[in-house]
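J.: What follows is a single structure, and I will ask about it in a moment.
Please treat every number below as a calculation from the coordinates, not as lab data. These numbers come from a predicted model, not from an experiment. All Cβ positions, even for glycine, are placed from backbone atoms using ideal geometry, and neighbour counts span all protein chains on display.
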Amino acid sequence: MLLLLLLGILLAWLASRILYRKYWNRGLSAQIEFTRRCIYEGERSSMRETILNDKLLPLPALEVRFSASRNLEFLNEARANTSATDNCYKRDVFSFLFHQKIERTLPFTARKRGLYQIYEVTGIGYDFFFRSGYYVDLPQQTFLYVYPRQVDTRRIDVLCRAISGTVLSRRRLLPDPFEFSGIREYRRQDPVNHINWKASARTGKLMTNQFDSTTNTSLTLIFDMEDKLILKYEDLVEETLRIVSSLSARLARSRMSFRVVGNAADTHALPAAEPPFSITIGEGCPNIGLLNQKLACLDSKNIVMEMEALLKDEASSKKSGHTYVVVSKNRDDGIIRGLRSLVLANNEVLWVLPIRPADASSLTFFREPGVTRIPWEI
């Protein structure tokens, strides 16, 4: 009797080994996908983990492993079975009957700007005897853009008023969306978003806001990501991109056209050595999403042009009466020479200077005709 029992166990083991070796991953799929394609730095989102065993053969145990950037910090129960070193390594164990699908939601917080991708999931299956596992690699195609965090709207309003102050003129050619000057009765050609509904309710007629005008709405934002000193200032570089992203969104909502130029390149673009960053934002902000995607992919280690050279190239482009907003933490002689070249080409220049609070008192007195310096403490 014992011999028959042992023989039955041996046959079951052999059958299990043959079946699982041949069929364990048939009908097996694992998909990891981000529930949103783009979020802002500091926001919460989630991944959806979907595992399917679409066959009659059950899987007593299936271990699913994948890695994600450690800048995506898992929350709550999703933290279980994770280890963080260079990346965050996630490991989940499932048990499947036949034709069964399991879905899990893994919430996380995006701690840093960037483009995050998951390329592969590894599945390790075990039979009823839990002998050594069977391995399979399942390719993935999922990605997440983490945009630069938006800065305080009130600080951006102050910067917008500074921009407006550089282009206001007595000549009334184009309305300036930042300079409110009064209310008048609505005309058919007026933009609907300029209607003042409170004034309309009081007067019983449609009333619209009036704005001061500018002689030239030509505007270029130039940002500097170079961080070449031994002591790195990554926080200031990141704040530079936050300012550019937030200011661009504010300008676009006001239906202004402008360019955004920088001295870094997209590390994910092909070819790798591309020209300096450049994008034009037209009225109605059609390219703000694309701008933020490009900003998300920039790397301060991938500087393709010195800031002085970039500014001098702009100065030599024969623009005149242009307004430049330069966002740079660097205060070396090269950037001063570059700013001066813009001014000598008959342009107005605002220099937004991200600094740490402890460094505010160390700022040397700066006076350069045509350049308005705006310290920006982070």
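J.: Take the residues of segment 338-356 that are within 22 Å of residue 300 (Cα to Cα) and without any contact (Cβ under 8 Å) to a residue 40 or more places away in the chain: which is surrounded by the most Cβ atoms within 10 Å (Cβ to Cβ)?
T.: Among those that are within 22 Å of residue 300 (Cα to Cα) and without any contact (Cβ under 8 Å) to a residue 40 or more places away in the chain, it is 339.
Every residue, every condition in (1) closer than 26 Å to residue 145 by Cβ; (2) in contact with a Cys (Cβ under 7 Å, 6 or more places away or on another chain), yes or no:
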{"position": "58", "(1), (2)": "no, no"}
{"position": "62", "(1), (2)": "no, no"}
{"position": "68", "(1), (2)": "yes, yes"}
{"position": "71", "(1), (2)": "yes, no"}
{"position": "78", "(1), (2)": "yes, no"}
{"position": "82", "(1), (2)": "yes, yes"}
{"position": "85", "(1), (2)": "yes, no"}
{"position": "89", "(1), (2)": "yes, no"}
{"position": "95", "(1), (2)": "no, no"}
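J.: For segment 316-342, give me the residue count where each residue is part of a helix (DSSP H, G or I) and either of a type in the set (Lys, Arg) or touching a Phe, Trp or Tyr at 6+ places or on another chain (Cβ under 9 Å) (or both). Step through it out loud before you land on a result.
T.: First pass over segment 316-342, keeping only residues part of a helix (DSSP H, G or I): 333-342.
Checking which are either of a type in the set (Lys, Arg) or touching a Phe, Trp or Tyr at 6+ places or on another chain (Cβ under 9 Å) (or both) leaves us with 335-337, 339-340, 342.
The qualifying residues number 6.
J.: With 80, 30, 61 as the choices, which residue is over 30 Å from residue 292 (Cβ atoms), surrounded by fewer than 14 Cβ atoms within 10 Å (Cβ to Cβ) and aliphatic (A, V, I, L, M)?
T.: 80
J.: Just checking, how many residues over segment 65-84 are assigned to a loop (DSSP other than H, G, I, E, B), within 24 Å of the chain's Cα centre (by Cα) and aliphatic (A, V, I, L, M)?
T.: Result for segment 65-84: 1.
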